[in-house]
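Here's the structure we're looking at; comments come further down.
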Amino acid sequence: MRMRRRARRHRIGVALLGAAALLVAGCGGGGDDADEPATKAQFVTQAAAVCRDVKQAHQPHAEKVDQLPEGAGLERVAPLLEATLEQSRTGLARLRALDSPAADKRAIDAYYGAAEKLLEAHAQLADAARTNDRATGEKVAATVEALSNDERRLAAAYGLKHCEDVF
C-alpha cells in the first residue's frame, strides 16, 4: 500500500513536470500592440491555450511513467524527473513572458510563486531519486500534494482554469 502511494506520487510528479515541460512548445509573447497592456481576458485566453496544449502534449510523459513496473526503483524514475525539470523551468519562464495585466500583478505573481515552489519540490524529488535517497524522497513527496493544491487554488482563483495542473 505504501509503495503504491509513493508510486502514485511519483507518477503525479512526473506527469506535472511533463506537462510543464511541454509548456515551452505552446508559449508565445504578448499581444501585437506593445503599447497596450493585455487585459485579463487576453492573458487568460493566451495562458489557457498554452495550458491546453501542455495537457494534451504531456500524455507521452504520463505513458512512460505508467509503463514503469510496480516497485520500479528510484533510479528508473530519476531520468524522467530530470529530463522534464529544466524544460519545466523554461516553460514557467515563458509563461511569465506573456503580457499580463499590471493591475493583476499580485495574483499572477502568487500563482508563479506557487509554481516555483512546486518545481523546487520536483527538483528535490529528482535529486532524491538520482541518489536513491528514499527517506528524502518520501519527505519531499509528502509536501507535493499541498504545493499542487496551492498552485491549483491560485490558478482557479484568477480564472486560469486550464492551468491548474500545469506544474
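List of remarks:
- Site pair Glu145 and Thr39 shows an inter-label distance of 4.1 nm when each label is modelled 7 Å from Cα along Cα→Cβ.
- Pairs beyond 21 Å (Cα-Cα), from Lys64/Lys117; Lys117/Lys139; Lys117/Lys161; Lys40/Lys105: Lys64/Lys117
- Cα-centre dipole for the stretch 81-141 with unit charges at Cβ (Lys and Arg positive, Asp and Glu negative), debye to 20: 80
We did not get these values from a lab; they are worked out from the coordinates using the rules stated. Everything numeric here is computed off the predicted structure, so don't read it as measured data. Methodologically, a virtual Cβ is constructed for each residue, glycine included, from the backbone with ideal geometry; neighbour enumeration extends over all protein chains shown.
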